[in-house]
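Below is one structure, written out as structure tokens; the observations come after it.
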Amino acid sequence: MEEIDRRIVALLAQDGRMSFTDLAKETGLSVSAVHQRVRRLEKRGVIRGFTALVDYDQIGQSLTAFVSIKPIDPAAPDDAPVRLAHLKAIEACHSVAGEESYILKVRVESPLALEELLQQIRSSAGVSTRTTVVLSTPYEHRSPDLSEE
């Protein structure tokens, strides 16, 4: 990836609503050149979309937890992500190496809601769970390090 494209990606990772005019000022390119580069980065899949960062406390989902899951029956099909896709409280599902098969990032409104979600996860996917509750998040959504090494 060219250095100027790396710069554009880094700027958009910091502020996805940055205008093409501001991107042009920051990169020294014309507005039309920046526009073309952003569209090309989107087409290549480098930029997959733009999203809003939500304050989960403000919408009543102040409890964040990581739920590690592993199948109760190791011979069962590895289809937990499909079986759990309907649970909207699961923000992310990561396939991992190690004792567990997946780590889920979940957001709910209360410990009771977490307990209910854990039961849904277990029954929907036939898995055992190990849960870590987040106490605070010093930082999240950091921009990628795109410096060339």
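Report, to the nearest 10°, how far helix 31-43 tilts away from the longest principal axis of the Cα atoms in the chain, using its own Cα long axis and a range of 0 to 90°.
30 degrees
Please report Rg (one decimal) and Dmax (integer) in Å for the Cα set of region 1-135.
20.1, 58
Just Pro74, Pro138, Pro111 to compare: in a GNM of the chain, with alpha carbon springs under 10 Å, which one fluctuates most?
Pro138
Amide H neighbours of Ser128 under 5 Å, at least 5 residues apart or on other chains, H built in the peptide plane: list them.
Here Lys70, Ile72 satisfy the definition.
Test of understanding: given the chain, find the longest segment containing no trypsin sites (Lys or Arg not before Pro) that are in a DSSP loop and have at most 15 other Cβ atoms within 10 Å.
Longest stretch, sites excluded: 89-141.
In nm, give the distance between the simple-model label positions of Ala13 and Glu26, each being 7 Å from the Cα along the Cα-to-Cβ direction.
My value for the distance between the label points is 1.2 nm.
So how much accessible area does Leu114 have, in Å² to the nearest 10, using a 1.4 Å probe?
For Leu114, the solvent-accessible surface is approximately 10 Å².
Classify region 1-44: rounded, prolate or oblate, from the alpha-carbon gyration tensor (a ≥ b ≥ c, eigenvalue square roots; a/c under 1.5 rounded; otherwise prolate if a/b is larger than b/c)?
rounded
Full-extension gain between His141 and Arg44, please, as 0.36 nm times their residue separation minus the C-alpha to C-alpha distance.
32.7 nm
With charges set only on the Cβ (+1 for Lys and Arg, -1 for Asp and Glu), what does the dipole of region 6-94 come to about its Cα centre, in debye to the nearest 20? Each step should come with its number before you reach the end.
Details: 13 positive and 10 negative charges, 131 e Å.
Result for region 6-94 is approximately 620 debye, rounded to the nearest 20.
Going Cα to Cα from Lys70, which lysines come in below 28 Å? Please leave out same-chain ones fewer than 8 positions away.
Excluding near neighbours in sequence, the set is Lys88, Lys105.
Using only Cα atoms, tell me the angle between helix 111-125 and the longest principal axis of the chain; keep it within 0 to 90° and round to the nearest 10.
80 degrees
Dipole size in debye (nearest 20) for region 50-107 around its Cα centre, Lys and Arg Cβ +1, Asp and Glu Cβ -1?
140 debye
How much of the accessible area of region 12-149, in percent, comes from carbon and sulfur atoms when a 1.4 Å probe is used?
Heavy-atom surface of region 12-149 belonging to carbon and sulfur, 1.4 Å probe: 50 percent.
What value, in deg cm²/dmol to 500, does the helix sum -39500 (n - 2.57) over DSSP H runs of n ≥ 4 give at 222 nm once divided by the residues of the chain?
On the way: 5 runs with 53 residues, N = 149.
Result for the chain, helices only: -10500 deg cm²/dmol.
Run the simple label-point estimate for Val54 and Ala113 please: 7 Å along Cα→C-beta, distance reported in nm.
1.0 nm
Residue farthest toward the positive end of the dipole of the chain, with Cβ of Lys/Arg at +1 and Asp/Glu at -1: which of Thr131, Ala33, Ala97?
So the residue we want is Ala33.
Given charges of +1 on the Cβ of Lys and Arg and -1 on the Cβ of Asp and Glu, with all other atoms neutral, how large is the dipole of the chain about its Cα centre, in debye to the nearest 20?
Around 480 debye, computed over the chain.
Cut-off under 25 Å on the C-alpha distance; same-chain residues fewer than 8 positions from Lys25 excluded. Which lysines are left, in chain and number order?
Lys43
Whole number in Å², please: accessible area per residue of the chain, 1.4 Å probe, ligands, DNA and RNA not counted.
I get 68 Å² per residue for the chain.
The values are calculated or read from the model by the stated rules, or taken from the named source; none is laboratory data. What you see is a predicted model, and the numbers here were worked out from it, not measured in a lab. Don't worry about glycine lacking a Cβ; one is built from the backbone with ideal geometry, like all the others, and counts go over all protein chains shown. Accessible surface is based on the protein model in full, side chains and every heavy atom, while ligands, DNA and RNA are left aside. Shrake-Rupley method; radii C 1.70, N 1.55, O 1.52, S 1.80 Å.
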